[in-house]
Amino acid sequence: MASVQEITSESAFQSQASSLPPDTLAVIYFHAPWAAPCKQMSVILSTLASTYPANAPISFLALDAEELPEIAEQYDVSAVPFIVLQREGKVLETVSGSDAAKVRAAVEKYAGAGSGDTKSSLPPAQTVTKPSQTNGTETAKDLAAYAPDASDPKTAPEYSSGDNEASKEELNKRLGELVKAAPVMLFMKGTPSSPQCGFSRQTVGLLREKGIRYGFFNILADDEVRQGLKEYSDWPTFPQLYVEGELVGGLDIVREEFENDPEFLKEHSVNGQKGGPGAASAQTQTPLAA
């Protein structure tokens, strides 16, 4: 049966894509390991792939969008999970999100149905159900009656949850200060003079083209900020642009704002002066030219 192949480099992707026969459908799956919807989509695609024989004209390829930003940029990936259906180098269709039915329908549209019963085997879209209060009370009573003895293994880390809460509170306080470190703040991969991903490079170019003064933070230099900001802003990808402490969005949103509103960020332009004397790094607070 077919399976999902993880691609870890640009050269491996180019080699794999170019070696596919002309009639083979490439299912290119962009994901991020930390994103819950991607974990669900990985299960969906693995299940779907298993319904096709190994010699079927279909190939499932998985790519980490953050680790392979140039390829993600090539396919205009702005959120994950994101699936591209391609044949002979031509994009046939794209699917964004973790809806199993949409993914199955799109794949079967171009590759035909697999031999398995995907309708019964694919997991449903994620849902959140509030637990029953009654059951929760009964469970608490059962647990209260249990007393571990010395022979029981340790099952909890040796620190209190209070320490975690305090650390999270401190991180959120720091993030709240960082997003306001400059009137316009860009959280990016790399620096304006040396962007480390295509999305960050395009965002920097857009801000420069518009003459916007901004501060920046290199999230690759601080993993705590990189991971924490995703939850703080409820925005899973980078770059992220903030204005007066409020999230605007990523590259696509910023580009749309400029296209729809000629006055967008004008008060922070070189002529407007509100942004200060050039871009500053929030990591060092040293004025740098952007």
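The values are calculated or read from the model by the stated rules, or taken from the named source; none is laboratory data. Computed from a prediction, not measured in an experiment: that's the story for all the values here. Methodologically, a virtual Cβ is constructed for each residue, glycine included, from the backbone with ideal geometry; neighbour enumeration extends over all protein chains shown. Keep in mind that these areas ignore ligands, DNA and RNA; they rest on the heavy atoms of the full protein, side chains included. Shrake-Rupley method; radii C 1.70, N 1.55, O 1.52, S 1.80 Å.
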Looking only at residues in segment 24-57 that are of a type in the set (Ser, Thr, Tyr) and not in a helix (DSSP H, G or I), which one is most open to solvent (accessible area, probe 1.4 Å)? Ser50
Any chance Leu207 is surrounded by fewer than 23 Cβ atoms within 10 Å (Cβ to Cβ), part of a helix (DSSP H, G or I) and among the aliphatic types (A, V, I, L, M): no
Exactly one of (1) modelled with pLDDT under 95; (2) of a type outside the set (D, E, K, R); (3) open to solvent by less than 20 Å² (accessible area, probe 1.4 Å); (4) more than 19 Å from the chain's Cα centre (by Cα) is unmet by Leu68. Its number? (4)
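Given the options Leu92, Leu85, Leu61, name the one that is open to solvent by 30 Å² or more (accessible area, probe 1.4 Å), closer than 29 Å to Phe238 by Cα and in a strand (DSSP E or B).
So the residue among Leu92, Leu85, Leu61 that is open to solvent by 30 Å² or more (accessible area, probe 1.4 Å), closer than 29 Å to Phe238 by Cα and in a strand (DSSP E or B) is Leu92.
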Can you say whether Ser200 is touching a Leu at 6+ places or on another chain (Cβ under 9 Å) and open to solvent by 90 Å² or more (accessible area, probe 1.4 Å), as far as the supplied structure shows? no
Is it the case that segment 188-202 has a residue that's in contact with a Cys (Cβ under 6 Å, 6 or more places away or on another chain) and outside the structural domain of Gln74 (by the TED database)? yes
Heads up, the strands (runs of 3 or more DSSP E) in segment 210-270 (entirely inside) with at least 2 residues that are under 14 Å from the mean Cα position of the chain (by Cα) and either surrounded by 20 or more Cβ atoms within 10 Å (Cβ to Cβ) or small (Gly, Ala, Ser) (or both) are none
In contact with a strand residue (DSSP E or B) (Cβ under 7 Å, 6 or more places away or on another chain) and crowded, with 18+ Cβ neighbours inside 10 Å, is that true of Ile7? yes
Restricting attention to segment 95-124, and to residues there that are at pLDDT below 80 and not polar (S, T, N, Q), which single residue is surrounded by the most Cβ atoms within 10 Å (Cβ to Cβ)? Gly114
Out of (1) of a type outside the set (Gly, Ala, Ser); (2) open to solvent by 10 Å² or more (accessible area, probe 1.4 Å); (3) more than 16 Å from Val4 (Cα to Cα); (4) touching a Leu at 6+ places or on another chain (Cβ under 8 Å), the one Pro21 does not meet is (4)
From Asp163, Asp222, grab the single residue that is within 27 Å of Ala72 (Cα to Cα), of a type outside the set (Val, Ile, Thr) and at pLDDT below 90. Asp222
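Answer yes or no: is there a residue in segment 129-150 that is modelled with pLDDT under 90 and under 30 Å from Met188 (Cβ atoms).
Looking through segment 129-150, none of the residues is modelled with pLDDT under 90 and under 30 Å from Met188 (Cβ atoms).
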